Amino acid sequence: MATVRDGIYLEDNPPRRSQFRRGRRSPVKPVIVVHTAESGTDRSGPDPKAENVSNFIQNRTTAGSYHLVGDADSIIQLVRFENEAFQDGTGSNRWAIGISLAMNAGDWPGLTSSRRDELTDTCAQMAVIAARWLMARGLQAPVARQLTKAESDRTSASGFISHARRDPARRTDPGVGFPWGAFFRSYQQQLSGTGVEPDRDTLTRQLQTLIGASSDGIIGPNTRAALNRNWLGRDASWDSSVADTFINNPNLIKWVQSRLDAQDGFDVTVDGDFGTETETALRQFLGRSGIVAAESYIDLLDQR
Ligand SMILES: [Zn+2]
């Protein structure tokens, strides 16, 4: 987890020119625009880039800011969420929240996996900070999905959009290599740590992403077929004719375990390992075998 620095940077360090607007011209919506700051990428060890970007924004003579900027090990709030950050030139500033990773959009492919995970987790941590602020105001946490520009402009919008989708003629951030799937998983995991359960639509989309189906929130024939290609089970409980069909994708096992753990009266370790604890909980919850295939996944979407 990145350290969240105290204070509001652009209030504590007044910028050379105005870098935010006090108050909002439209009610804030649960829509987060995701950026990279194009400030260079720090590839290993302590990461000073969020601090550097904050200092750059304080001193720049053109408009450009975010609500939050983060790097591998720290997060800085530049602008309060109740104010407009100058993060997008296409009209979202008045109602959106802008979060930015202090790195270059084109640098995702060359990162070590640990650096990529740190940056992805920081981005998710920033999203959770924004989600908690929204929820404290009676608004929804942004749904874990990518919006199109038209969707993001709707009054009822909820979700995430890249700056590139807002402004395709001029921007590419946060980059074609931005790991949206891993970002959404981390976001949901961190959000569930706050005691807020994702809704059924979000859970369905999470599941679809994990099984390689298109993430549209609808359980139709394609999703059912993909579910049936993703059996989970404890090998030792079954003979090879059954056990050979188990895929046992650890990320999918984690999803199942966290769904079981979310049920009243269940306490299941989320470790991606399909052991006796998981099997016993499944048998109890489903009232049938300890195998997860199509119908069992669908049952797990609901809270009982
Ligand atoms: Zn941007």
Leaving ligands, DNA and RNA out of it, work out the accessible area of M135 with a 1.4 Å probe and give it in Å² to the nearest 10. 50
Under 5 Å between amide H atoms, partner at least 5 residues away or on a different chain: which partners does V31 have, H built in plane at 1.01 Å? I97, G159
Nearest 10 degrees, 0 to 90: helix 49-59 Cα axis against the chain principal axis: 30
Nearest-ten-degree value, helix 180-192 long axis tilted from longest Cα axis of the chain: 80
Surface share of carbon and sulfur [accessible, 1.4 angstrom probe, percent] for segment 3-196: 47
Enter the accessible area per residue of segment 3-196 (Å², integer; probe 1.4 Å; all protein chains in place). 42
Ranking request for peptides 71-80, 178-187: highest mean number of other beta-carbon atoms within 10 Å first, then the rest in descending order. 71-80, 178-187
Once the whole set of protein chains is in place, how much accessible area is left on R171, using a 1.4 Å probe, in Å² to the nearest 10? 100
For E277, tell me the accessible area in Å² from a 1.4 Å probe, rounded to the nearest 10. 90
What does the helix-only formula give at 222 nm for the chain: each DSSP H stretch with n ≥ 4 adding -39500 (n - 2.57), the total divided by the residues, and the result rounded to the nearest 500 deg cm²/dmol? -11000 deg cm²/dmol
Mind checking the per residue accessible area of segment 200-254 for me, 1.4 Å probe, whole number of Å²? 51
Could you tally the net charge around A130, taking each other residue with its Cβ under 13 Å from the Cβ of A130, Lys/Arg +1 and Asp/Glu -1? +3
In degrees, nearest 10, the alpha-carbon axis of helix 113-136 is tilted away from the dominant principal axis of the alpha carbons of the chain by 80
Over segment 204-300, what percent of the accessible surface lies on carbon and sulfur atoms, probe 1.4 Å? 46
What's the center-to-center distance, using Cα atoms, between segment 9-50 and segment 241-304 in Å? 40
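The values are calculated or read from the model by the stated rules, or taken from the named source; none is laboratory data. Every value quoted in this text rests on a predicted model; they were computed, and no experiment measured them. Neighbour counts run over all protein chains shown; Cβ positions are idealised from the backbone, glycine included. Ligands, DNA and RNA are stripped out before the accessible areas are found, and what is left, the full protein with its side chains, is counted by its heavy atoms. Shrake-Rupley method; radii C 1.70, N 1.55, O 1.52, S 1.80 Å.
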